[in-house]
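The values are calculated or read from the model by the stated rules, or taken from the named source; none is laboratory data. All of these numbers come straight from a predicted model, not from anything done at the bench. Note that each Cβ is placed from the backbone with ideal geometry, even for glycine, and that neighbours are counted across all protein chains shown.
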Amino acid sequence: MSNYISYFLVIFLLFFFPLHNLAQNNGRIATSSSISATDESTPWLSPSNDFAFGFKKIQENKNEFLLCIWYAKIQEKTLVWHANISNLVPQGSRLNLDSQRGLILSDPQGNTLWRSDLVFGNIDYGLMNDNGNFVVMGRNSNDPLWESFRNPTNTLLPNQTLERGSFLVSQKSQANFTQGTFYLRMLDNGNMVLVTQSVPSNMDYDDEYYNTQTSDSTNATNSGDKLVFEENGVMYVLKRNNQRQILTPRSIPSASDNYHRVTLNFDGVLSHYYHSRILNSSGWNILWSQPNNICIEIDGDKGPGSCGYNNVYNLGTNNRPICNCTKGYSLVDPNDAYGDCKPDFSISCDEVGRGSPDDFYSFITIRDTDWPKSDFQKISPSAEQDCQNACLNDCFCVKLPLSNGRIDTNLNSKAFMKIRKDGVPPLSTPGFPNSGSSRSKNWRNLSVVLSALLGSSVLVNILFISVFCWGFFHIYKKKMKISCPTSHVADSMCHSFTYKELVEATKDFKEKLGRGAFRIVYKVVMPIGSRNVVAIKKLDRVAHEAEKEFITEVNVISQTQSQEFSSSAWIFQRTNIAMGIARRLAYLHEECSTQIIHCDIKPQNILLDDYHVARISDFGLSKLMMINQSRTLTNIRGVRGYVAPEWFRNSQVTIITCRKNYENEESYGPEAILTDWVLDCLQEGKLEALVQSDFEALNDKKQLERFVMVGVWCIQEDPSTRPTMRKVCQMLEGSVEVTIPPCPYNFSITI
C-alpha cells in the first residue's frame, strides 16, 4: 500500500509542479510574459538562479522601482545592468516581452518608458543566461536580436566584450542610477580610456584620466580591437594581431568559487570585484582598480571631478576618493557627501567703501590642498601676508565654482581660503542700511534737516520741477534705449555700450557680415574679456517685432553658456557637424535651467568656429519654456522648410546632401523636394545618390544609412514618433540602434 502512495506522490509532483519550475530553471521566457513592479513580483531567473531580471525597489520607504539584472544568490543583490531611463518607475509599472517589439516597459497608464532597440520581426523567446546576459531571440536567427551584454550600463561580467565605439557610463551617485559624468570608452584608435563628460550633451570636459596606451598610429594591427573579460576573470585589450595587453594582476581568485565583475563606480574609479559563491559569505572584495590616484589624475578646470563643485577629496582605501567641504562651505544636498558644496557667505563689491575689507573677511590656511587652475594669481614674488592683502583688497578674489579640489601630502603647499568673519552680518539689501546706533543717529539728524527744508515753499517748487524733468527725460531715454532683459534672468551679465562706442568700434559700421529682416550684423573688434572679435546687430527698422525678437535673443543667450559667435562659409566634416548640432539642441532643450526652443534652425544659423565645431546662432525667434510646458502647445515659427526643427527637422538631411530643402523643379525634376528624394533613395536602397561626389561617405555606407534614417525619424509628421534630441545624439553616435523609420507622411505606407 505504501508503494502505491509513493508512486501517486511522484506522479502528482511531475504533473502539477514541473511546468512552472522548468520554465524558471531553464531561463527561457515565452513571448507575452510580463513582470509587474510590485513587492510581490517574481523576477525571471537564470537556470542556476545566479542572476535575476526584474524590478528592484531602491529605497524601502518609496514605491519606486528600477528595471535591472542583479546577483540573486548573494545577500547584497548587487546590480549589474539597468534600463537606461531618466527616473525610477512607479509601482504598478509593467515589463512585457512582446512578440514583435521585444522588451517594453510601461507605466501604470500604459505609456512606454523604455524598450529594447531591435529590428522589428518575429520574436521567439527571451533567455536569462547564467552569465548574467539577457537575450531576445528571433524565430529565424541563431543570433540574438537584442542582449544586455551589447547594451551595458556601468558593469562588465565574465564572457562580456566591449567593441570599439562602445562604452560604460557611471551612475550619478550611490543611490541615483541616472547617467553620471564618467565614461569608459573603447576608442576607434584602439585605446581604452576613462574620461569625464557633461550631461546630457556628452561633451568631453578634459583629457582622459586613464589610458591603456594600446593605439599604434604606425601599425594598425598593433592597435587594440576590443576589451575582453574572460570567464576566468582575466581582463585584457585584444589587439588586431591577437596580442593581449593584460589589465588584471597575475593572481586571480578562482571563477568557479567566486563571482567576478568590473564596475565603473559613480566616483569615476574602475574596479574589479570578486565575491565568494558560498551562501552568507562576506561582501565584495577589490582585486584591482584604476586609476591609482584619481585625486591627481583628474587635472582640469572643467567638470566637477569625483566630488562636486567646491568640494575637496583625498584618497581613501581601495583607491576610492573621500569628499569633504572646506570651512565656510556646506553640502547643497546633505544626503550626498560626493555632491556640490555651496559657500555659507557671499562676496560682493557692494561693501567697498563701507569699511576696511578685513572688517568683513579673513583667511583660513589649508595645507597640502589644491584646486588646479583655480588660483588667484599675483605675478610678482610676494610674502604670505602680501598675498593675503592682495586678495583681501580684491573684492572678486574668488573663483566659483572650484573644481577638482584635492588633498595630497606630496603637494607641500599652502592654500588660503577667503571666508566671511564669524559674527559679521550678511550683505544688506541695497537701499536699506544695516541697523546700528551710529546709523540710527545719522538718520535722525538727516530727518531734522529734511523737516526744516520741507517747510520752505521754495524747496517744494524746486522738488516739483526736478521730479517732472527727471520723469520726462527718464521716459524719453527708456524709449530710445534697448536695455538688457534682466527681468527674467537674475545674472544675465549683459554689458552695455553707448552708441558712440559702437560707432567708434565699428568704424562707422563699415564691415557688414550679413543682414536679416529687421537688422544688419557687423563685425567689430572690442577689448572684452579673452575674446575681442564680436558681432553687433543694429536694428535698421523701427518695428515692434524687431525689438521683441532682439530682446528675446539677448534674454535667451544670457541663459546659456555656449560661445555662439563664429564664421560659417562652408560645411566641413559633416558627421561632426550633425552631432554638434544635436548636442547643442539637447543642451538647450534639457540641460539649461530654463528650457529653450530655438524655432529657427536652418543652415544660415549653423555656424562653425575655427575648429569646425558647430554652433547655433540667431535666437531671435526662440521660446523660453517652463519646466512642465509641452512643446506641442507653442506656436510654429521660422523659415519654410526648416520651420522650427523641434517640430520639422530638415537640417539633418540638408547636411547629408549639401542641398537646400527645395530646388528649381525644372532643373532637378523629381529631386526638387529634398525630403521626398531622400525617402525615395532610402526605399530603393540608392543612398549613394545622396553623396555622389563624397568618397569618404561612400566608403562608410553603414554610417551613411544610419544618418539618413535618423534624418527621416526627425521629419516625422506625427510629433509623438519623433525622437528627443538626447535620443538623436545617441543614435548619431551609434550608442543606440537606429531602427528603420516609418514613412513620415500619414497617407503613405511604411517603408
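Within segment 701-715, does at least one residue satisfy the condition of being at pLDDT below 70, surrounded by 13 or more Cβ atoms within 10 Å (Cβ to Cβ) and not aromatic (F, W, Y)? Looking for residues that are at pLDDT below 70, surrounded by 13 or more Cβ atoms within 10 Å (Cβ to Cβ) and not aromatic (F, W, Y), one finds none in segment 701-715, hence no. Across segment 91-106, the number of residues qualifying as surrounded by fewer than 16 Cβ atoms within 10 Å (Cβ to Cβ) and either at pLDDT below 90 or closer than 24 Å to V169 by Cβ (or both) comes to 2.
Condition first: modelled with pLDDT of 90 or more, β-branched (V, I, T) and farther than 30 Å from H275 by Cβ. Can you find one or more residues in segment 162-172 that meet it? Checking segment 162-172: not a single residue is modelled with pLDDT of 90 or more, β-branched (V, I, T) and farther than 30 Å from H275 by Cβ. For N292, the conditions (1) part of a loop (DSSP other than H, G, I, E, B); (2) buried (at least 18 other Cβ atoms within 10 Å of the Cβ) all hold with the exception of (2). Could you go through segment 38-49 and let me know if any residue there is of a type outside the set (D, E, K, R) and touching a Leu at 6+ places or on another chain (Cβ under 6 Å). No, there is no match, as no residue in segment 38-49 is of a type outside the set (D, E, K, R) and touching a Leu at 6+ places or on another chain (Cβ under 6 Å).
Look through segment 220-275, keep the residues that are part of a strand (DSSP E or B), of a type outside the set (A, V, I, L, M, F, W, C) and out of contact with any His (no Cβ under 9 Å at 6 or more places or on another chain), and return whichever of them is nearest to G190 (Cα to Cα). Ranking the qualifying residues of segment 220-275, first place goes to G224.
Of the residues that make up segment 112-122, is at least one under 22 Å from Q171 (Cα atoms), within 26 Å of the chain's Cα centre (by Cα) and among the β-branched types (V, I, T)? The answer is no, given that none of the residues of segment 112-122 is under 22 Å from Q171 (Cα atoms), within 26 Å of the chain's Cα centre (by Cα) and among the β-branched types (V, I, T). With respect to T161, determine if the residue is crowded, with 19+ Cβ neighbours inside 10 Å and either on the phi < 0 side of the Ramachandran plot or touching a residue at least 24 places away in the same chain (Cβ under 8 Å) (or both). No.
Within segment 68-88, being within 24 Å of R277 (Cα to Cα) and surrounded by 14 or more Cβ atoms within 10 Å (Cβ to Cβ) holds for C68, I69, W70, Y71, A72, K73, I74, T78, L79, V80, W81, H82. Considering each residue of segment 206-214 in turn, none proves to be part of a strand (DSSP E or B), at pLDDT 95 or above and within 25 Å of N292 (Cα to Cα). Considering only residues that are closer than 27 Å to Q213 by Cα and modelled with pLDDT of 80 or more, look in segment 308-350 and name the one that is surrounded by the most Cβ atoms within 10 Å (Cβ to Cβ). By that ranking, first place goes to P321.
Taking the criterion of being assigned to a loop (DSSP other than H, G, I, E, B) and either in contact (Cβ under 8 Å) with a residue 60 or more places away in the chain or within 20 Å of S116 (Cβ to Cβ) (or both), the only residue of segment 703-716 that qualifies is I715.
Is one or more of the residues making up segment 70-83 under 29 Å from the mean Cα position of the chain (by Cα), farther than 21 Å from L168 by Cβ and of a type in the set (A, V, I, L, M, F, W, C)? No, there is no match, as no residue in segment 70-83 is under 29 Å from the mean Cα position of the chain (by Cα), farther than 21 Å from L168 by Cβ and of a type in the set (A, V, I, L, M, F, W, C). Here F747 fulfils each of the conditions (1) modelled with pLDDT of 75 or more; (2) more than 14 Å from T575 (Cβ to Cβ); (3) among the aromatic types (F, W, Y) apart from (1). The set of residues in segment 81-124 being in a strand (DSSP E or B) and among the aromatic types (F, W, Y) consists of W81, W114.
Tell me whether segment 122-137 contains one or more residues that are in contact (Cβ under 8 Å) with a residue 40 or more places away in the chain and of a type in the set (S, T, Y). Yes, because at least one residue in segment 122-137 is in contact (Cβ under 8 Å) with a residue 40 or more places away in the chain and of a type in the set (S, T, Y).
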